[in-house]
Amino acid sequence: MVSFKPITIDDRDIITSYTLNSIYRNCDFSFANMCSWRFLYDSEYAISDGFLLIRFWIEDKSRLAYMFPLGKGDLKQAFCTIEKDSLEHGHPLLLLGISPEAKTLAEETFPGSFTYIQERDYYDYIYLREDLVQLKGKKYQSKRNHINNFKKAYNYTYMPLTPEIVPQCLELERKWYKANNTEEDGNELSNERRSMTYALQNYDKLGIIGGAICVDGEIVAFSYGAPINQDTFGVHVEKADVNYDGSYALINQEFASHIPDYFTYVNREEDLGIPGLRKAKLSYQPAILLEKNGAVKKPCKDCYNEKTRNRGTMACMLR
C-alpha cells in the first residue's frame, strides 16, 4: 500500500522534479500553489513506481480527490494505485483538473472507464508572455491607454520582490481585503489572504518570483507567481490599489516583462465563475483557454462491490 505524506516546503525539490518536466500547464501543478493552499485541502503526495501521486480533501474534507499522476513508466499501475487508495476511503476514484492532454492519456489507459464533467469556472487562462509585454494591436488599445494614463499621472518604480517590501505588499493586501470583503465571499477571501501571507513570507523557499509598483515610497500594486513547467509561468496573485488608475494594467505588463524570457506562456489561473473576473481575463485575449474536467473512474464491474472493494481493486491491479 502506498504511503502518502503531507506536502511541506521541504518537498519542493522532489515534487518539482516531476512537475517542471511534465507537459501540463495547469496552475494546479505549481508547487507554490500546492504548498500555500495545503491548509485548506490537507494536500499529500507519494512517490510510487516512478510517479508523483497527489491527493487532497474536498467537500469539507469528506472525500479524497487526486491529481493526474506525473512520471514515466506504467501509467495504468499508477492509476490503480490511487484507485485502490480512493476505494479504501469509500469512494470511486475522482480526478480533478484534467486537461485535454491528460484526458487523452486517461482514455488510452482505461478506454471508456471515466466519466468527465467540464468545469468552466476552473478553466485556466494562458497567454503568450510576449502579448502581455508588448500589448500590440487594436485589441489591446484600452490596456495601453490605462498604462499611459498611469505613467502621465505618476512617477513610479518597478521593484522585484524582496524581504524589505513584503510588509508593504501585505499592507496593501490588508487594504484590498478591507475594501472587497463581503459576507457573501468572506470565506474565500480569508482563505486567499492566508495563502498569500504564507506565500509572501516564504517566497524564496517556494521558488516564487514577484514584483511591485512603487509610487512616492508606497507600494500601489504587486504580483507574484512561480514556474509550472519548463515553458509556462503561473501568476498566482495580483493586487492593486484601484485609486491609481491603470495600476492593474501596469503591474500586469511590468510583471510579465520581468518573468524570465524562456517562459513562452503565462498562466493567469481561473475566473471561478466571477463575471467581472471572467471579463477581465478574456479582455487580455488568452492564447489558450485550458479546459479542465473532473473525471470519475468506473470501478470494474466484475471485480468490485461495496463489501469486497479492497479485494476487487487488487484483482484490477493484477490484470
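Things worth noting here:
- Residue exposure proxy: 129, 193, 120, ordered by other Cβ atoms within 10 angstrom of their Cβ from fewest to most, comes out as 120, 193, 129.
- Rounded to 10°, Cα long-axis angle of helix 166-180 versus longest principal axis of the chain: 80
- Report summary: the helix-based calculation at 222 nm, which adds -39500 (n - 2.57) for every DSSP H run with n ≥ 4 and divides by the residues of the chain, gives -11500 deg cm²/dmol.
- Segment 184-261: projected area of the alpha-carbon convex hull, averaged over directions, in nm²: 6.4
- Peptides ranked, highest mean first, by Cβ atoms within 10 Å: ranges 141-152, 107-118: 141-152, 107-118
- Principal axis analysis of the Cα atoms in segment 125-290 yields extents of 37, 37, 33 Å, listed in decreasing size.
- Whole-number percent relative contact order across segment 1-109, with pairs defined as alpha carbons under 8 Å at least 6 apart: 23
- Within a straight-line Cα-Cα reach of under 19 Å, residue 103 can be paired with the following lysines, leaving aside sequence neighbours fewer than 8 residues apart in one chain: 72, 76, 292, 297, 298.
- Fully extended contour minus Cα-Cα distance, from residue 180 to residue 61, at 0.36 nm per residue: 40.1 nm
- When its C-alpha radius of gyration is set against 2.2 N^0.38 Å (N residues), segment 167-222 gives a value of 1.22.
- Contour minus Cα-Cα distance for residue 23 and residue 8 (0.36 nm per residue): 3.0 nm
- Relative contact order computed over segment 125-290 (Cα-Cα under 8 Å; 6+ residues apart), in percent: 36
- Here the Karplus curve 6.51 cos²θ - 1.76 cosθ + 1.60, taken at θ = phi - 60°, turns the phi angles of segment 108-123 into couplings of 5, 7, 10, x, x, 8, 10, 9, 10, 10, 5, 10, 4, 5, 10, 4 Hz, with x standing for Gly and Pro.
- Prolate/oblate/rounded call for segment 1-87, Cα gyration tensor, a/c under 1.5 rounded: oblate
- Alpha-carbon spread of segment 115-218, three principal axes, descending order, Å: 47, 39, 32
- With θ taken as phi - 60° and the Karplus curve 6.51 cos²θ - 1.76 cosθ + 1.60 applied, the whole-hertz 3J(HN,Hα) list for segment 263-278 is 7, 7, 10, 10, 9, 9, 6, 8, 9, 6, x, 7, x, x, 5, 4 Hz, x standing for glycine and proline.
- Alpha carbon convex hull of the chain, projected area averaged over orientations, nm²: 17.0
- Here's the list of aspartates and glutamates a cross-link from residue 279 could span, going by alpha-carbon distance under 13 Å and ignoring same-chain residues fewer than 8 apart: 121, 270, 271.
Where a number appears in this text, it was derived from the coordinates with a stated rule and is not lab data. Everything numeric here is computed off the predicted structure, so don't read it as measured data. Reconstructed Cβ throughout: ideal geometry from the backbone, glycine too, with neighbour counts over all protein chains shown.
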